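What follows is a single structure, written as structure tokens, with notes after it.
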Amino acid sequence: MLKRLFFISTLFCLFAARLFAQSESAEQMALQYLKNGETAKAIDIYEDLYKKNQTSYVYNSYLNALLSVPDYKEAEKLVKKQLKKATTDQRIKVDLAFVLKQSGDISKADKESQNIINELNSNEYNIRETALAFYERQMYTEAINTFLRGRILLNQSQIFSQDLSVLYEIQKNYEALMSEFLLFLTNNPNGMQYVQARLQSVFADEGEKNKADQLRKVLLKTIQKSPDNCNAVDLLIWMDVQERDFESAFAQSKAYEQRFKDDGYKVFELAGLALENKSYPIAEKAYKYLINKGTANPFYAQARSNLLTTYYKQITASVSVDKTALKNLEKGYEQWLSEIPKNANAVQPMRDLAHIYAFYSDSLDKAITLLEDILKMGGVHHVVLAQTKIDLADILLFAGEPWDATLLYSQVEKDFKNDETGSFAKFKNAKLSYYIGEFDWAKSQLDVLRSATAKLIANDAMELALLISENKDDDDSYAGLTLYAHADLLVYQNKLDEALNELDSVNSIANAEKLNDDVLYKKAQIKIKQGKYAEADSLLTIIFTQYSYDLLADDALLLDAQLNEQQLKNNFRAMDLYEKIIVDYSSSLHVVEARKRFRELRGDLVK
């Protein structure tokens with residue numbers, strides 16, 4: 001008896017395995033037909049499979065095949081058959097609504113969808129499953145209504161906020177999106193980074209022009225209704241910063257401080273962002289606001305120091321440095337450093353003052369002493385010490401001590417091999433090698449840096465490597481480039497007349513024509529330093545008209561635009577030059593700056 005049962009059981013297993021293999025083979029054949037575009041043949045196979053095996057997989061494959069034809073009548077029949085087998089399966093009910101909607105029977109589809117939503121119970125899992133079914137069928141409004149109904153059933157007004165935010169983003173309903181983000185933050189106080197990351201993706205999509213206004217509208221309404229909603233104020237400040245509207249961000253930061261008594265933390269944070277983004281007037285206002293709060297304010301000392309840095313960066317960012325303003329700033333630094341203890345908090349003003357001493361005041365000894373004092377100081381972060389070493393190396397190179405400079409660059413490079421600080425030191429060292437004519441060595445180092453993680457370092461390395469490779473002579477020498485590189489070093493050392501003579505000599509070298517635009521650009525930079533702005537304007541114009549195809553064309557355009565805006569006070573010409581960068585050099589790194597300056601000169605409200 002046992003043998004007979006075993007025999008029957010074995011036969012059954014073999015039979016089942018054979019049926020499964022046949023079924024699997026049929027499904028593969030149907031899929032191949034679909035790939036080949038022979039949908040009718042695939043449908044015949046699925047119809048036969050469905051009669052034998054009404055599993056979810058076969059049902060879904062059969063339904064999708066019918067919809068691809070499309071054959072809505074057969075699809076509707078199929079869904080209703082499956083629904084008889086699983087009367088409570090919300091996904092199949094959603095399939096019916098979807099088929100009706102696809103067939104064009106909108107009123108019937110809407111009625112079916114509403115019935116599904118009305119039949120929901122207070123089970124969070126079922127609510128999510130139903131919403132997901134709608135979502136997968138791209139029935140986003142129905143999915144939203146499912147979650148909203150779920151909130152009522154569960155009596156939780158803030159549940160499903162993340163899910164709803166995804167759906168509202170798809171629908172580009174930015175007001176509802178922001179409302180859901182605020183609800184999410186109510187229950188998730190540590191979720192600000194998540195919300196900001198999501199908003200970043202919203203801003204990255206440029207398809208909808210008024211989305212920022214929609215988002216801001218909700219935040220302002222929320223703040224008016226609930227002044228103590230710190231999340232709304234936080235997001236409003238963050239949005240202003242994203243749009244570079246630092247004026248508005250500053251106003252909101254002050255309001256935040258008055259409302260939440262944060263001692264000016266938001267204002268201090270905003271000032272740093274404004275400084276980083278070269279919005280110097282707002283950084284100045286913000287730091288002065290904190291200073292005016294008095295010495296008892298926790299940000300007083302840092303604000304005093306950072307205000308000096310703001311002035312320093314603003315003055316030195318100009319095409320032509322205002323020597324009188326810099327001399328006054330030098331006194332400001334000296335006064336501040338006489339008031340504070342020489343510790344880690346004094347490092348940045350000491351570095352800034354050292355730079356002024358060395359490059360603008362002809363006080364090299366004072367500059368070197370300041371930086372050496374930092375290197376001897378305790379409690380300074382190791383990265384800051386490395387940056388100070390680079391500063392010192394820069395000054396030693398300026399003073400004509402390249403070997404001492406390369407020693408310091410090499411120390412930093414060795415200590416920070418896999419770090420941006422190390423890459424920066426490596427680039428400085430490579431440029432020093434270029435200055436003194438060691439071009440092959442310089443290029444080998446620059447080629448390594450072209451893959452640096454820091455974009456600016458990689459771009460600078462690529463440009464210098466290209467300059468070297470393009471100016472190698474047929475006999476593997478660098479006659480023209482040797483003179484040009486030495487002139488470049490003389491400009492760095494502020495020996496301007498000597499540099500001009502050296503640049504004139506480049507033209508006498510055979511096969512140095514490739515350096516023509518580089519020579520013109522370097523001469524223009526010298527003329528600007530000498531205050532000969534009209535001559536610089538003429539030289540730069542030659543570059544972007546006669547050498548418009550060359551790498552320096554967009555650089556010359558930007559420099560000439562800044563020259564016309566800042567020194568020649570010819571805003572109309574500056575606008576033309578900025579616009580030329582935007583239109584003719586759309587892939588240039590200068591496009592963002594050019595667009596910003598063009599809009600400001602035109603009178604737009606730049607955000």
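The values are calculated or read from the model by the stated rules, or taken from the named source; none is laboratory data. None of these values were measured; they are calculated from a predicted model. FYI the Cβ positions are ideal-geometry reconstructions off the backbone, even for glycines, and counts take in every protein chain you see. Side chains included, ligands, DNA and RNA excluded: accessible areas come from the protein's heavy atoms. Shrake-Rupley method; radii C 1.70, N 1.55, O 1.52, S 1.80 Å.
A few points about this structure:
- Taking the listed residues S423, S444, the one that is within 24 Å of S469 (Cβ to Cβ) and surrounded by fewer than 21 Cβ atoms within 10 Å (Cβ to Cβ) is S444, with no other qualifying.
- Scanning the stretch 339-358 for residues that are at pLDDT below 95 and more than 33 Å from the chain's Cα centre (by Cα), we see that the one that is most open to solvent (accessible area, probe 1.4 Å) is K342.
- Filter pass, E129 being surrounded by 14 or more Cβ atoms within 10 Å (Cβ to Cβ) and either under 22 Å from A249 (Cβ atoms) or of a type in the set (F, W, Y) (or both): no
- Residue match in the stretch 296-308 (condition: assigned to a helix (DSSP H, G or I) and under 23 Å from K529 (Cβ atoms)): no
- The criterion of at least 1 residues that are surrounded by fewer than 20 Cβ atoms within 10 Å (Cβ to Cβ) and in contact with a Gly (Cβ under 9 Å, 6 or more places away or on another chain) is met, among helices (runs of 4 or more DSSP H) falling completely within the stretch 479-577, by 479-492.
- Which listed residue, of K80, K84, K111, K101, is part of a helix (DSSP H, G or I), more than 30 Å from L182 (Cα to Cα) and within 43 Å of the chain's Cα centre (by Cα): K101
- Residue count for the stretch 117-138, restricted to those that are basic (K, R) and assigned to a loop (DSSP other than H, G, I, E, B): 1
- Of L220, L167, L183, all but one fail to be under 20 Å from R259 (Cβ atoms) and of a type in the set (A, V, I, L, M); the exception is L220.
- When V319 is tested against the conditions (1) of a type outside the set (S, T, Y); (2) crowded, with 17+ Cβ neighbours inside 10 Å; (3) at pLDDT 95 or above, the lone failure is (3).
- In the stretch 379-418, residue nearest to L449 (Cα to Cα) [restricted to those that are among the basic types (K, R) and loosely packed, with under 14 Cβ neighbours inside 10 Å]: K417
- So Y168, is it modelled with pLDDT of 90 or more, surrounded by fewer than 16 Cβ atoms within 10 Å (Cβ to Cβ) and of a type in the set (S, T, Y): no
- Condition check for Y585: surrounded by 17 or more Cβ atoms within 10 Å (Cβ to Cβ) and aromatic (F, W, Y): yes
- Search result, residues across the stretch 85-112 that are at pLDDT 85 or above and of a type in the set (K, R): R91, K93, K101, K108, K111
- Pairs where the first residue, in the stretch 284-306, is at positive phi and the second is hydroxyl-bearing (S, T, Y), C-beta under 9 Å, 6+ apart: G294/Y300
- Scanning the stretch 459-516 for residues that are basic (K, R) and either in contact with a Leu (Cβ under 6 Å, 6 or more places away or on another chain) or closer than 26 Å to H590 by Cβ (or both) turns up just one, K514.
- Cβ-Cβ distances below 7 Å connect the following pairs, each with a first residue in the stretch 425-447 that is more than 24 Å from L385 (Cβ to Cβ) and free of Cβ contacts under 8 Å to residues at least 60 places away in the same chain, a second residue that is of a type in the set (S, T, Y) and in a helix (DSSP H, G or I), and a separation of six or more residues or different chains: G437/T482; W441/S433; A442/S433; A442/Y434; K443/S469.
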